[in-house]
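**Q** Handing you a structure now.
Derivation of every value follows stated rules applied to the coordinates shown; laboratory data play no part. The structure displayed is predicted, hence computed values, not measured ones. Please note: Cβ atoms are built from the backbone with ideal geometry, for glycine as well, and neighbour counts cover all protein chains shown.
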Amino acid sequence: MATDNRSPQEAEFFKNLQTDECGNKFFIDKQGRKMIYAGTAPTKEDAIEAMLERAVEDEMRRRHPDTYQEPKKGTA
């Protein structure tokens, strides 16, 4: 059984991390700003690719609301 080497403060911090729509882990600092947790943000190219995919899917849903089917994960 693995033991948790985190302090109670660290454990509380990691428990409160949230995930945004792009998959970034973030927390809200004391001034109310959204702070992305280091090392969890995708590369700029990955972020652009995800935004384009969402934009294309949104446009397809808008143009073809009756016939558009959600793409299956892992298919080209």
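**Q** Around Y37, which amide H atoms from residues at least 5 apart in sequence, or from another chain, sit under 5 Å from its own amide H, with H modelled in the peptide plane?
**A** So Y37 has HN proximity to K25, F26, F27.
**Q** Something else: Residue by residue through region 20-37, which ³J(HN,Hα) values in whole Hz follow from phi under the Karplus form 6.51 cos²θ - 1.76 cosθ + 1.60 (θ = phi - 60°), with glycine and proline marked x?
**A** Result, rounded to whole Hz: 8, 5, 9, x, 7, 7, 8, 9, 9, 7, 5, 8, x, 8, 7, 10, 6, 5.
**Q** Oh, and also: Just to confirm a number: summing +1 for Lys and Arg and -1 for Asp and Glu over residues other than F26 whose beta-carbon lies under 15 angstrom from that of F26, what do you get? Working shown, then result.
**A** Details: positive: K15, K25, K30, R33, K34; negative: D20, E21, D29.
Taking every Cβ under 15 Å from that of F26, the sum is +2.
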